[in-house]
Amino acid sequence: MDKFLAEFQLKKYRFNPSLEHSFNVANLLDESFLKDFLKKLSVTIGAPSEKVAASIFIKRYAFLAVMSLYTMTAFNKRLNLSLENVKMELPKQGKDWLPGISLKDATVQDWDGNDRSQWRAGILKDLFANNLYPLISQLEKTVGISKLILWENIAVYLFWLYETELKGYHQAAEDYHYLISEAEGKLFGRYNLNPLQKYFAEKTYLEEWDAEVRVRKTCCFTYQLPAGKRCKTCPCTQIMKDRRCHDGENICEAVRSFA
């Protein structure tokens, strides 16, 4: 597996088979462990609350989804994504937390050449319904952060993956369309509808960036970290002194209500 990862560059998506200080991600399903983890993470990254820390955690953990779907689409291979199989690097004081992720069982399964649609659906169910959904639900229950924010934190990285990193790969267009438009809600957890679909929209030209940007529906709270910077895609990029938004008061009031 290490040879596969090195050869096919999964390490650039933060895969690290040799983590020194790590924890088992499955432990986050224990409420007391999760509260302690978020409290420590808040202190380490300078987050003002556990809600902000929870959002940042999911933004970092979203790279597991990137690794999984990159492996699936680019190479027709499947990673073992059971929660018990995933380890993540602990935050260190004084450093940006861009954690490595590793797998205890790093075996890769090749697509057997049979019904690829069914095989693909199985990968999405393992990734979303069995891995990400339990974590998102536990975060919502424990610190009260909206699932809308957490799902969009994941969605933006998957849009980036298929629109940039996988652009030109044979299966990319088909897999991307399936992920956004065809995958059933049950593949993502206890949903009737695909939770990623609501975040996909046409990009908008923003003069301040001189670029086409897909503006988020929710705010990920990154601006509340010590650096105070907002993401390029933030729905509330312009806030006046009276806390009224230049670009949509209704949007920003809804975002602030999540906090």
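The values are calculated or read from the model by the stated rules, or taken from the named source; none is laboratory data. Note that the structure is predicted; figures quoted are calculated from it, not measured. Every residue, glycine among them, receives a Cβ derived from its backbone with ideal geometry; neighbour counts consider all protein chains shown.
Things worth noting here:
- Some residue of region 172-183 being part of a helix (DSSP H, G or I), among the polar types (S, T, N, Q), free of Cβ contacts under 8 Å to residues at least 12 places away in the same chain and closer than 27 Å to Ser55 by Cα: no
- Candidates Leu187, Leu193 - the one that is surrounded by fewer than 15 Cβ atoms within 10 Å (Cβ to Cβ) and modelled with pLDDT of 90 or more: Leu193
- Evaluating Gly113 against the criteria (1) part of a helix (DSSP H, G or I); (2) surrounded by fewer than 21 Cβ atoms within 10 Å (Cβ to Cβ) leaves one unmet condition, (1).
- Residue check: Val66 meets all listed conditions (1) in contact (Cβ under 8 Å) with a residue 60 or more places away in the chain; (2) surrounded by fewer than 15 Cβ atoms within 10 Å (Cβ to Cβ); (3) part of a helix (DSSP H, G or I) but one, namely (2).
- From the list Lys12, Lys77, the lone residue that is over 22 Å from Val156 (Cβ atoms) and surrounded by fewer than 20 Cβ atoms within 10 Å (Cβ to Cβ) is Lys77.
- Within region 19-63, if we keep just the residues that are assigned to a loop (DSSP other than H, G, I, E, B) and among the aliphatic types (A, V, I, L, M), the residue that is surrounded by the fewest Cβ atoms within 10 Å (Cβ to Cβ) turns out to be Leu19.
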